[in-house]
Amino acid sequence: MLYFDHAATTPPYPEVIQSMSEIMAQHYGNPSALHSAGEEAAKLLKRAREVCAGALSVSPKEIVFTSGATEGNNLAIKGTAMQYRSRGKHLVTTVTEHPSVYESFRQMEALGWEVTWIPVGPDGVVNAEQLAEQVRSDTVMVSVMHVNNETGAVQPLEKIGSLIKEKNHRVLFHVDGVQGFGKLPVELDNWKTDLYTLSSHKFKGPKGAGILYIRQGVTLFPLITGGSQENGHRGGTENVAAAAASAKAMRLASAAQADFYHKMNGLRNILFEKIAKMPEVMLNSTDSGAPHIVHFSYPGLKPEVLVHLMEQQGFLISTKSACSSKSSEPSRVLLKMGRDKDAASSGIRISLGWEHTENDVIQLCRALEQSADKLRSITARRR
Ligand code: PMP
């Protein structure tokens with residue numbers, strides 16, 4: 001079976017699996033405990049924080065371990081809105097964010113905050129000037145994802161960061177970095193980012209673990225209260241094994257980023273070339289997007305059936321994002337990019353990883369053509 005769903009999750013590095021099981025077996029102390037087992041765990045946690053900080057070129061004090069990006073995004077958005085409510089109640093984001101961002105803003109809207117939703121162009125990219133125009137003196141935060149999880153569209157973060165700060169130097173800039181880390185260069189300082197969210201399993205780390213970078217001087221209203229762990233930002237005994245394994249994955253993925261980009265770019269070019277020749281296929285990704293995600297629509301065909309036909313041929317692919325793939329609703333992201341309902345309901349996402357070869361991609365395209373032909377003839381017979 002060939003796995004082409006790396007945007008949903010990635011197979012962990014062998015070092016990650018080894019590190020987690022070693023720590024769980026041998027260093028199970030509670031890092032807050034005063035005895036030697038506790039101290040040992042606290043040391044591991046400290047080291048993990050240093051490694052994560054190193055991978056992002058920030059200070060260890062700016063790293064908070066979370067249960068993943070869903071928690072990280074919720075904490076960054078709601079925690080900022082609530083903490084800085086005396087500055088104003090206006091927030092800015094885009095219409096194609098991941099549900100963990102989108103729903104967080106919707107909740108703040110329901111609670112009385114005003115949210116400005118910035119549209120995207122047909123390529124899924126926002127216009128930085130248009131976004132910055134919406135920033136006002138009472139705007140508390142702007143949140144924009146790095147790479148879109150369905151289409152791979154990359155947002156102009158550097159331009160957005162500098163324009164919004166020119167307009168209002170106090171506005172906080174949050175970036176959901178989940179699909180970009182390890183794939184594209186990350187430049188938190190250049191982007192003028194104050195908050196940056198990651199999920200470890202997207203870069204070959206463990207699931208249920210993530211990192212939230214909080215720039216020094218920024219404080220968030222905690223959503224999970226309890227003990228004073230994670231600098232008061234998140235109560236609860238730390239998952240030491242997951243933090244250490246996340247750090248390991250972060251170090252490896254960040255060191256390999258440039259090679260990853262180069263390799264994926266080559267594979268994506270083959271995919272683009274082959275898809276462009278397929279009949280009745282509409283590409284939703286562009287070559288200025290992240291190189292590991294290719295998304296396209298087969299208007300008129302049921303993508304869930306295509307996914308099953310592909311699995312019968314030995315290929316695991318997906319329709320849209322894993323979080324919404326069980327819903328039969330058209331993709332919000334594609335609708336917001338101006339696709340019609342038919343195109344937005346028939347999307348297929350291929351997401352590439354390290355293990356893939358040119359031959360894998362060629363075989364995948366052949367299987368896609370055969371599966372789509374089969375599905376077209378079944379669909380025609382039923383009409
Ligand atoms: N943001 C983006 C862009 C994502 O792709 C995902 C995962 N699909 C998340 C946030 C949430 O990550 P997790 O499900 O690991 O909490």
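The values are calculated or read from the model by the stated rules, or taken from the named source; none is laboratory data. Predicted model only: the values in this text are computed from it and were never measured. For neighbour counting, all protein chains shown are included, and Cβ atoms are generated from backbone atoms with ideal geometry for every residue, glycine included. For the accessible areas, the whole protein counts, side chains as well, though only heavy atoms, and no ligand, DNA or RNA atoms are used. Shrake-Rupley method; radii C 1.70, N 1.55, O 1.52, S 1.80 Å.
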**Study point:** Looking only at segment 187-197, and only at residues there that are crowded, with 24+ Cβ neighbours inside 10 Å and touching a residue at least 60 places away in the same chain (Cβ under 8 Å), the one that is nearest to the ligand (Cβ to nearest atom)
**Key:** THR197
Review point. In this structure, is GLU22 open to solvent by 70 Å² or more (accessible area, probe 1.4 Å) and of a type outside the set (A, V, I, L, M)?
Key: yes
**Study point:** Qualifying helices (runs of 4 or more DSSP H) (wholly inside segment 120-225; at least 2 residues being closer than 26 Å to ARG87 by Cβ and touching an Asp or Glu at 6+ places or on another chain (Cβ under 8 Å))
**Key:** 157-167, 188-191
Exercise for review: Taking PHE203 as meeting all but one of (1) closer than 21 Å to GLN18 by Cβ; (2) touching a Cys at 6+ places or on another chain (Cβ under 9 Å), write down the number of the exception.
Suggested key: (2)
Practice item. Assess whether ALA76 counts as being assigned to a helix (DSSP H, G or I), within 16 Å of the ligand (Cβ to nearest atom) and touching a residue at least 60 places away in the same chain (Cβ under 8 Å). Key: yes
Practice item. Answer with yes or no whether SER346 is under 19 Å from GLY152 (Cα atoms) and not hydrophobic (A, V, I, L, M, F, W, C). Key: yes
Check your understanding: What is the number of the single condition among (1) more than 23 Å from SER285 (Cα to Cα); (2) at pLDDT 95 or above; (3) open to solvent by 50 Å² or more (accessible area, probe 1.4 Å) that SER228 does not meet?
Key -> (2)
Check your understanding: Among the residues of segment 62-69, is any away from the ligand (no atom under 16 Å from the Cβ), open to solvent by 10 Å² or more (accessible area, probe 1.4 Å) and modelled with pLDDT of 95 or more?
Key -> yes
Exercise for review: Considering each residue of segment 166-186, count those that are open to solvent by 20 Å² or more (accessible area, probe 1.4 Å) and among the acidic types (Asp, Glu), and give that number.
Suggested key: 1
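Can you find even one residue in segment 287-295 that is open to solvent by 10 Å² or more (accessible area, probe 1.4 Å), in contact with a Phe, Trp or Tyr (Cβ under 7 Å, 6 or more places away or on another chain), within 27 Å of PRO11 (Cα to Cα) and acidic (Asp, Glu)?
Looking for residues that are open to solvent by 10 Å² or more (accessible area, probe 1.4 Å), in contact with a Phe, Trp or Tyr (Cβ under 7 Å, 6 or more places away or on another chain), within 27 Å of PRO11 (Cα to Cα) and acidic (Asp, Glu), one finds at least one in segment 287-295, hence yes.
Answer with yes or no whether MET264 is touching a residue at least 12 places away in the same chain (Cβ under 8 Å), more than 16 Å from GLY152 (Cβ to Cβ) and open to solvent by less than 70 Å² (accessible area, probe 1.4 Å).
Here the answer is no, as MET264 does not meet what is asked.
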Exercise for review: Write out, first by first residue and then by second, each pair whose Cβ atoms fall under 8 Å of each other, whose residues are 6+ apart or on separate chains, and whose first residue, in segment 312-330, is modelled with pLDDT of 65 or more while the second is β-branched (Val, Ile, Thr) and within 16 Å of the ligand (Cβ to nearest atom).
Suggested key: ILE317/ILE350; LYS320/VAL333
Revision key, fill the gap. Residues of segment 79-105 being of a type outside the set (Val, Ile, Thr) and within 15 Å of the ligand (Cβ to nearest atom), in sequence order, are GLU97, HIS98, PRO99, SER100, TYR102, GLU103, SER104, PHE105
**Study point:** Verdict on SER57 being touching a helix residue (DSSP H, G or I) at 6+ places or on another chain (Cβ under 9 Å) and on the phi > 0 side of the Ramachandran plot
**Key:** yes
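Here's the yes/no breakdown for (1) more than 14 Å from the ligand (Cβ to nearest atom); (2) closer than 27 Å to PRO122 by Cβ; (3) over 19 Å from the mean Cα position of the chain (by Cα):
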{"site": "LYS159", "(1), (2), (3)": "yes, yes, yes"}
{"site": "GLY177", "(1), (2), (3)": "no, yes, no"}
{"site": "HIS201", "(1), (2), (3)": "no, no, no"}
{"site": "GLY208", "(1), (2), (3)": "no, no, no"}
{"site": "ILE214", "(1), (2), (3)": "yes, no, no"}
{"site": "VAL218", "(1), (2), (3)": "yes, no, yes"}
{"site": "PRO222", "(1), (2), (3)": "yes, no, yes"}
{"site": "GLY227", "(1), (2), (3)": "yes, no, yes"}
{"site": "GLY232", "(1), (2), (3)": "yes, no, yes"}
Check your understanding: Which of (1) of a type in the set (A, V, I, L, M, F, W, C); (2) in contact with a Gly (Cβ under 8 Å, 6 or more places away or on another chain); (3) in a helix (DSSP H, G or I); (4) surrounded by fewer than 21 Cβ atoms within 10 Å (Cβ to Cβ) is the odd one out, the single condition ALA255 does not satisfy?
Key -> (2)
Check your understanding: Among the candidates GLU71, GLU15, GLU97, GLU40, which residue alone is in contact with a Gly (Cβ under 6 Å, 6 or more places away or on another chain) and in contact (Cβ under 8 Å) with a residue 12 or more places away in the chain?
Key -> GLU40
